[in-house]
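The values are calculated or read from the model by the stated rules, or taken from the named source; none is laboratory data. None of these values were measured; they are calculated from a predicted model. Cβ atoms come from the backbone with ideal geometry, glycine included; neighbour counts cover every protein chain shown. Keep in mind that these areas ignore ligands, DNA and RNA; they rest on the heavy atoms of the full protein, side chains included. Shrake-Rupley method; radii C 1.70, N 1.55, O 1.52, S 1.80 Å.
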Amino acid sequence: MKKGSCRAREEDERRDGPERRRRYDSDLKQDEIEGKGTDGEKEGIDGRNADSWRSEQPASWDDASNLGRSGGIYIPPFKSAQMMKEVEDKSSIEYQRLTWDALRKSINGLVNKVNATNLKHIIPELFAENLIRGRGLFCRSCMKSQMASPEFTDVFAALVSVVNSKFPEVGNLLLRRILLQLKRAFKRNDKPPLLAAVKFLAHLVNQRVAHEIVALELLTVLLENPTDDSVEVAVGFVTECGSMLQDLSPKGLHGIFERFRGILHEGEIDKRVQFLIEGLFAIRKAKFQSAVRPELDLVEQEDQLTHEISLQEDIDPEITLDIFKPNLQFVENEKCYEELKKTILGDECEEEEDSEGGSEDGSAEEFDEEEDEQMKIKDETETDLVNLRRTIYQTIMSSGDFEEAGHKLSQIKLEAGQEMELCIMMLECCSQESTYLRYYGLLGQRFCMINKVYQENFEKCFLQQYSMIHCLETNNMRNVAKFFAHLLITDSLPWHVFAYVRLTEEDTTSSSRIFIKFLFQELSEHLGIHLLNERLNDPLMQDSFESIFPKDNLKNTRFSINFFTSIGLGGITENLREYLKNMPRLIMQQQQASSNHRQAQMMSWEV
């Protein structure tokens with residue numbers, strides 16, 4: 001653009017700007033006079049203002065308009081349950097709203113915590129909720145969780161397959177929403193949602209929820225006008241569900257691979273994508289991997305209902321199912337689902353009801369028998385121990401400071417003897433950090449001050465770590481040494497632990513000497529050489545320090561002096577140097593005393 005035109009435009013704007021503002025102000029005044037308002041709200045059909053029309057609405061209309069909104073003020077579960085009990089009319093809109101919120105939270109919680117291990121336990125809890133009423137919530141929760149954790153896609157697909165075997169409309173709705181998300185992402189060239197939707201669809205094909213025609217149609221669309229991204233998505237899709245397509249439609253899969261071969265020969269795509277296609281051919285040659293893991297194969301083939309939806313047809317996602325709507329037949333629908341739930345869960349539901357009744361009316365003898373049976377169970381797989389370590393680790397790593405971590409860890413119920421696990425996990429977390437964090441030292445100090453049991457356990461950890469110090473890397477060794485130094489400085493750990501350390505050439509290795517170096521340098525840095533020397537020369541602790549400052553022979557004494565001098569702590573060996581200096585005179589005195597003793601004995605014999 002030329003400079004002259006830019007200057008002309010600036011002059012026009014400078015000239016017309018005040019006039020435009022005057023016209024805008026006059027329009028605003030005219031709108032206020034006519035009743036439109038400054039926010040642009042137009043008057044109603046009969047000439048009344050919109051605000052006045054709203055004020056004349058019944059109160060129930062305002063409530064109903066707000067019922068579909070998600071979010072709002074957080075209500076604790078106990079408060080929500082109390083509010084539901086206080087509502088007398090079970091068919092009222094208020095009660096329906098409360099049950100809808102409870103249903104949404106329950107479905108989200110169950111879907112979020114599902115995994116391959118607890119899937120069989122989650123399914124009965126999920127069927128206990130009204131999935132017909134909350135099918136939109138279930139589909140939305142599954143899609144959100146799958147997009148957040150794509151590595152659990154096969155688990156979510158297995159969950160959907162079980163629900164689809166009992167409620168086909170839920171599986172159909174989910175499949176429609178996934179296909180719609182796929183089409184939108186493909187048109188917008190939005191790769192992350194497209195990858196998530198394609199992976200979910202592949203595992204639904206593996207679970208026989210989606211028909212193989214849907215998969216072949218998707219591959220045809222992706223490879224019709226191949227680009228780097230579309231071919232990469234197609235390769236990932238075939239990798240996930242190729243085994244099932246090979247069983248269900250071998251000719252269709254052969255045609256897809258011929259298309260891949262043609263794209264490869266054309267050579268118009270990027271080298272990286274060509275390598276992906278070559279890798280796919282190698283996977284095909286190796287007969288693909290198993291379509292469904294054994295622990296996720298929960299539905300028999302004859303019980304599964306397969307849905308066939310074309311990408312070309314108009315898809316209705318039924319978004320209104322995600323929003324609360326009052327239902328005039330709410331009570332009747334809930335009763336119908338209760339009966340349906342009994343037929344699905346069968347004996348489990350009846351057993352739960354019986355157990356609830358039995359717990360209310362049962363005798364103390366039955367409770368004692370159940371307690372005795374539970375006491376006989378002994379976990380040999382150490383699952384509880386692994387879960388305890390995981391809980392401790394997550395608590396330590398997620399806390400903001402040592403006080404918060406100490407408070408949370410103290411709330412964990414530990415059995416007798418499990419305090420050692422807390423100390424070990426604290427030490428392991430500290431050793432894995434890239435640099436030492438004072439957070440761990442303060443946390444260990446807090447527990448040592450709370451209970452002497454932790455002090456004894458940290459003493460055992462010191463002995464264990466020193467005996468296995470050669471297994472640690474230098475950085476981990478430094479963190480461990482600084483952790484124990486902090487406990488020693490604060491007197492959280494007794495100083496007699498140095499009795500476990502014998503500083504001689506034969507009893508130490510290069511790793512143990514590095515550990516001792518880090519430990520004493522940290523002590524010297526915080527205490528100072530003068531105060532450290534006083535602590536090491538304490539007459540009451542000399543028995544514990546004899547192994548660090550040996551005086552048994554000249555060689556070990558010189559080794560200890562040379563070691564501390566080489567690491568810059570020669571000042572703490574002054575007494576040892578004095579002893580080494582006076583050692584020849586002491587030896588002569590001992591020899592003279594022994595000779596005098598022998599002469600006295602000989603004279604007594606002669607007499």
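Structural remarks
- Contact order normalised by residue count of the range 515-582, Cα under 8 Å, 6+ apart, percent: 31 percent
- Karplus 3J(HN,Hα) series, Hz, for the range 309-321 with 6.51 cos²θ - 1.76 cosθ + 1.60 (x for Gly, Pro): 10, 8, 6, 7, 7, 6, 10, 9, x, 6, 5, 5, 5
- Size of charge dipole - the range 395-547 - debye, nearest 20, with Cβ of Lys, Arg +1 and Asp, Glu -1, no other charges: 240 debye
- Three-way shape call for the range 401-471 based on the alpha-carbon gyration tensor, with the a/c threshold at 1.5: oblate
- The listed residues Tyr579, Tyr439, once ranked by accessible area (1.4 Å probe) with the largest placed first, stand as Tyr579, Tyr439.
- Near the amide H of Ala210, within less than 5 Å, lie the amide hydrogens of Val205, His307, all on another chain or at least 5 residues away, with H placed in the peptide plane.
- Anisotropy class of the range 446-536 from Cα gyration tensor, a/c 1.5 cut: oblate
- Each residue of the range 475-490 was assigned a 3J(HN,Hα) from its phi angle through the Karplus curve 6.51 cos²θ - 1.76 cosθ + 1.60 (θ = phi - 60°); the sequence is 5, 5, 4, 5, 5, 5, 5, 5, 5, 5, 5, 4, 5, 6, 4, 8 Hz, with glycine and proline shown as x.
- Global form of the range 220-286, assessed from the alpha-carbon gyration tensor, a/c cut-off 1.5: prolate
- The spacing between the range 475-509 and the range 109-164, judged by their C-alpha centroids, is 51 Å.
- Lys, Arg +1 and Asp, Glu -1 on Cβ, resulting dipole of the range 380-439 about Cα centre, debye, nearest 20: 180 debye
- The string of couplings for the range 201-215 from the Karplus curve (6.51, -1.76, 1.60, θ = phi - 60°) is 4, 4, 6, 5, 5, 4, 8, 6, 7, 9, 6, 5, 4, 4, 5 Hz, one whole number per residue in order, with x for Gly and Pro.
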